[in-house]
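Novice: Can you read through this structure? Questions will come right after.
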Amino acid sequence: MAAKKRKTADFYKSNPESYKKKLAYDAKYNSSLSKKKYRAELAKERRARGIMGKGGPDVSHAKGGKFKLENPSANRARNGHGKNKRLAEGGTRRKSKPGYKPRGKK
């Protein structure tokens with residue numbers, strides 16, 4: 001069974017002009033020198049470790065300028081971690097309001 005599309009995918013499906021605009025932005029963003037350098041560093045490290053083109057874990061940048069092998073789903077799920085305070089702190093669940101009592105299962 002295929003995964004359910006989310007709101008963004010539905011939006012772009014119903015707004016082709018917006019989707020074209022997004023593709024143009026992404027192409028410009030990913031062709032910048034800084035992004036090319038970023039991808040080249042990761043590719044160089046994958047070649048050095050002998051895992052280039054063989055699937056497996058992602059090589060990601062760690063603190064201190066080092067590289068680490070990481071599960072692709074964990075690495076790619078970190079989308080926007082610096083912008084969202086809740087995600088930047090490592091939490092993935094929202095905190096309940098004081099006095100909140102969950103309902104029991106039916």
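Novice: Please give the length that would be gained between GLU17 and ALA40 if that part of the chain were fully extended, namely 0.36 nm times their separation in residues minus their C-alpha to C-alpha distance (nm, one decimal).
Specialist: Full-extension gain reported as 5.1 nm.
Novice: On to the next question. Read phi for every residue in segment 37-54 and hand back ³J(HN,Hα) as whole Hz from Karplus 6.51 cos²θ - 1.76 cosθ + 1.60, θ = phi - 60°, with x for Gly and Pro.
Specialist: Listing the rounded values in order: 5, 4, 5, 5, 4, 5, 5, 4, 5, 5, 5, 5, 8, x, 10, 5, x, 10 Hz.
No lab work stands behind these numbers, since they all come straight from the coordinates. Small disclaimer: the values here were computed from a predicted structure and weren't measured.
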